[in-house]
Amino acid sequence: MKKSLAILTGFLMILMLAACSETAKPVNESDGGTDKEETKAEEASELTLEEVLTKSTEASEELKSFSVNMDMSQEMSSGTEGENMNIDSVIDMDVTTDPMAFYQKMTMSMDGTEESYDIESYFTEEGMFLYDAAGKQWMKFPKEMSDDLLQMSSQQTNPGEELKKLQEFVDDFTFEQNAKSYILKLKADGEKFNDFVKETAAETLPPELAANGEMLDNMKINGVEYEIVIDKETFYPSVLNMIMEMEITAEGQTISMKQNMNGQYANYNKVEAIAVPQEVLDTAVEMEM
C-alpha cells in the first residue's frame, strides 16, 4: 500500500499544462509594483496563452539542466481506521537532461514527532542510489527498476506531447501577467482529470504498475489546482504551485490525501554534469524488492 501510494504521488507531481487563444490579463506586482511596471505589463499582453506555451515548450526542448527547491506538505487519513498522518518535506534537486540524471536532498518530518529524516539520492545511467541514514549505508535500486525510471524520466523531459494531450482542458485555464512573468492557473474537478491521469499513468508508469488496472481504477482525483509562472525573457517556468486532493483504495483501505506543493526553479543550463561518487559505487548494497 505505502509503495503504491508513494509511486502514484510522485507521478502526479508531473507538470501539466494546456493552451488557449486568450491574451493575458495584466495584474499588479505582488510587491506593489510601480505604475511604470503595470503599464509595461499592459503593453506586453499581446501573446496568447497558446503562443506562450509554444515558446515555453520550444525553450524546454533545448533545456540542458536546472535546479528545483520544493516545499511539500501531505495530509493523509484513513476513513476505515481513523488514522491521520501529516508529512512535510523540503526537497533540493539538481537535474541534467542529456544524459538524464539528478542529485537530490530531501528532509521529511511528521507531525507528532520531533524526528526528521534526511534522504540523499543519485539517479544516473549507472543506476539509482539512495542513502539509508538509519543504517548508514548507500543502497542501489535493482537494475530493472532503475532502467524503468530512467526511461520514464527521459520521456517526461519534453513537455510537448503532454501539451497536446491537455488540449481538452483549454477552457479551464486563466491567463494573467505582470511585468516579469506570465501566470497560468488551472482549477479542475476530479471527474475531468480521472481519465486523463489513468491514461497517462498507463503510458508512463513502469510496466508492472501500469498493468495493475485495479490500482488505477481505485484512484480518484477530487480536485486539483495549479499555478505556473513562466519567465517572460527565457520562457522557462520559474514557479510551480499545486494543490491536489485524491483518494486511493487498496487492500480494503481508502486513503484520503491532500497535497500542497510549492516549487521554485533556477540555475537553468548552469548545473554541472552529475556523477555518482566512486565511494558510493564501491560501497552501495543492492536493495531487495
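Listing for the model above:
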quantity	calculated
Subset of region 237-289 [in a strand (DSSP E or B), crowded, with 18+ Cβ neighbours inside 10 Å and not small (Gly, Ala, Ser)]	Pro237, Leu240, Met242, Met244, Met246, Ile248, Ile255, Met257, Gln259, Met261, Tyr265
Residue pairs meeting the criteria (Cβ under 8 Å; at least 6 apart or on separate chains; first more than 14 Å from Val276 (Cβ to Cβ), in region 85-101; second part of a strand (DSSP E or B) and aromatic (Phe, Trp, Tyr))	Met93/Phe102; Met93/Tyr103; Val95/Phe66; Val95/Phe102
Filtered residues of region 51-96 (kept if of a type in the set (Ser, Thr, Tyr) and either in a strand (DSSP E or B) or more than 30 Å from Glu251 (Cβ to Cβ) (or both))	Thr54, Ser56, Thr57, Ser60, Ser65, Ser67, Ser73, Ser77, Ser78, Ser89, Thr96
Residue that is modelled with the highest pLDDT [pool: residues in region 210-234 that are buried (at least 18 other Cβ atoms within 10 Å of the Cβ) and part of a helix (DSSP H, G or I)]	Leu216
Listing of strands (runs of 3 or more DSSP E) fully contained in region 119-191 that carry 2 or more residues being over 17 Å from the mean Cα position of the chain (by Cα), closer than 18 Å to Ile230 by Cα and at pLDDT 65 or above	173-177, 181-189
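Every residue, every condition in (1) of a type outside the set (S, T, N, Q); (2) under 16 Å from the mean Cα position of the chain (by Cα); (3) closer than 23 Å to Ile183 by Cβ; (4) at pLDDT 80 or above, yes or no:
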position	(1), (2), (3), (4)
Ser73	no, yes, yes, yes
Met76	yes, no, no, yes
Thr80	no, no, no, no
Asp94	yes, yes, no, yes
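The values are calculated or read from the model by the stated rules, or taken from the named source; none is laboratory data. A quick note: this is a predicted structure, and the numbers were derived from the prediction, not measured. Counting neighbours? That spans all protein chains shown, and the Cβs are built from the backbone with ideal geometry, glycine included.
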